[in-house]
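The values are calculated or read from the model by the stated rules, or taken from the named source; none is laboratory data. These numbers come from a predicted model, not from an experiment. Here the Cβ positions follow ideal geometry from the backbone for every residue, glycine too, while neighbour counts run over all protein chains shown. The accessibility values were calculated without ligands, DNA or RNA, using every heavy atom of the protein model including side chains. Shrake-Rupley method; radii C 1.70, N 1.55, O 1.52, S 1.80 Å.
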Amino acid sequence: MTPKHFLTTQDWSRAELDALLAQAAAFKRTRLGNELAGKSIALMFFNPSMRTRTSFELGAHQLGGKAIVLAPGKDAWPIEFEVGTVMDGEAEEHVSEVARVLSRYVDLIAVRAFPKFQDWSVDREDRVIKAFAKHATVPVINMETITHPCQELAHVMALQEHFGRIDPGSSPEQILRGKKYVLTWTYHPKPLNTAVANSALLIATRYGMDVTLLCPNEDYLLDPRYMEHGRANAAENGGSLTVSHDIESAYRGADVVYAKSWGAIPYFGRWEAEKPMREASRHFIVDEAKMALTRNGVFSHCLPLRRNIKATDAVMDSPACIAIDEAENRLHVQKAIMAALAGARG
Ligand code: CP
């Protein structure tokens with residue numbers, strides 16, 4: 001039987017996501033438990049991390065489980081993902097063996113594998129995590145590939161905590177529906193992954209918010225797959241999704257400002273050609289003047305964040321910034337995800 005994975009929140013019903021958020025809130029109140037006693041998780045990092053690695057390792061430990069961290073190509077063998085290839089390059093073993101062997105050792109496998117940033121038509125297939133999910137016989141968790149679903153839950157939890165103070169008994173959807181949510185592109189000296197932006201679009205529309213995607217021009221629209229999911233989610237959940245290139249009208253009246261930088265998809269693999277356009281859009285930085293246009297709005301970011309590039313010191317150090325709460329919530333939501341998936345296996 002195919003195990004239930006946590007690859008994208010789109011595969012999980014809102015009732016299931018609400019249950020994860022409720023469990024995460026319980027773990028936030030009581031950190032230690034035995035939900036993962038005798039269980040283990042392999043954390044496969046193809047890219048660097050601070051928050052994800054720390055929170056998964058500690059989360060497993062706090063629930064009585066054990067995490068093993070592997071960096072293929074560094075402290076573990078490089079892995080091949082192509083099917084039917086003659087493996088005469090760097091890779092020493094195929095994901096087919098890696099996923100099945102790990103499944104004999106551990107109860108969960110988590111994968112971080114960013115795009116290669118050369119060809120979006122290849123990267124958008126998300127082959128690394130899909131190959132693990134195909135060959136593993138245990139649940140696979142997405143620690144960020146072309147979406148970042150753990151970050152989504154931590155983000156919603158932080159918003160729920162902030163806006164829910166008025167009515168603590170309400171569900172996340174009751175708290176967030178109808179809020180004006182601005183997902184703003186920001187400048188960064190390098191072209192970055194669209195994963196968190198894709199995820200923000202998915203989860204904000206899933207919880208019925210009125211979402212504005214603010215970006216310099218049409219080249220910074222997200223992949224049509226995520227734009228379509230966002231529109232469908234909005235239609236289903238009573239919210240909306242609009243695109244704006246006008247900073248002032250986008251910020252005006254916003255309840256939430258979520259910032260992220262990403263590379264323009266039409267320029268994938270031709271980043272020198274994108275650079276002048278990106279450099280000309282440094283003014284998308286989140287600053288006090290823009291936040292003053294909001295309706296006493298909150299600001300957040302997934303972190304890491306370059307100060308005074310993506311957001312000013314004043315915004316980061318203001319009471320409106322809930323990025324640290326969101327980062328803390330990674331620990332709680334991931335414990336809920338691990339407990340749900342490992343518990344489902346018995
Ligand atoms: N937000 C996030 O995933 O942080 P790390 O890259 O440090 O894990």
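Name every residue in the stretch 147-171 that is farther than 15 Å from Asp255 by Cα and either outside any helix (DSSP H, G or I) or at pLDDT below 95 (or both), in order of residue number.
Thr147, His148, Asp167, Pro168, Gly169, Ser170, Ser171
Selection of helices (runs of 4 or more DSSP H) fully inside the stretch 265-330 by the criterion of at least 2 residues being touching a residue at least 60 places away in the same chain (Cβ under 8 Å), outside the structural domain of Phe27 (by TED's automatic domain parsing) and open to solvent by less than 30 Å² (accessible area, probe 1.4 Å) returns 271-279. Suppose the filter is at pLDDT 95 or above and among the aliphatic types (A, V, I, L, M); does Ala327 pass it? Taking the combined requirement at face value, the residue satisfies it. The set of residues from the stretch 238-272 being more than 20 Å from the chain's Cα centre (by Cα) and within 18 Å of Ala289 (Cα to Cα) comprises His245, Asp246, Ile247, Glu248, Ser249, Ala250, Tyr251, Arg252, Gly253, Ala254, Asp255. A residue that is on the phi < 0 side of the Ramachandran plot, under 19 Å from the mean Cα position of the chain (by Cα) and open to solvent by less than 40 Å² (accessible area, probe 1.4 Å) cannot be found anywhere in the stretch 64-75. Of all residues in the stretch 125-181, which are assigned by TED's automatic domain parsing to the domain that holds Pro191, without any contact (Cβ under 8 Å) to a residue 40 or more places away in the chain and of a type in the set (Asp, Glu)? Once the filter is applied, which keeps residues that are assigned by TED's automatic domain parsing to the domain that holds Pro191, without any contact (Cβ under 8 Å) to a residue 40 or more places away in the chain and of a type in the set (Asp, Glu), the stretch 125-181 yields only Asp167.
Remark: Gly343 falls outside the filter, which requires a residue to be not in a helix (DSSP H, G or I) and not hydrophobic (A, V, I, L, M, F, W, C). Cβ-Cβ contacts under 6 Å between residues 6 or more apart (or on different chains), taken from a first residue in the stretch 38-52 that is touching a residue at least 24 places away in the same chain (Cβ under 8 Å) to a second residue that is within 13 Å of the ligand (Cβ to nearest atom) and in a loop (DSSP other than H, G, I, E, B), are listed as Phe46/Ala113; Asn47/Phe114; Thr52/Met143.
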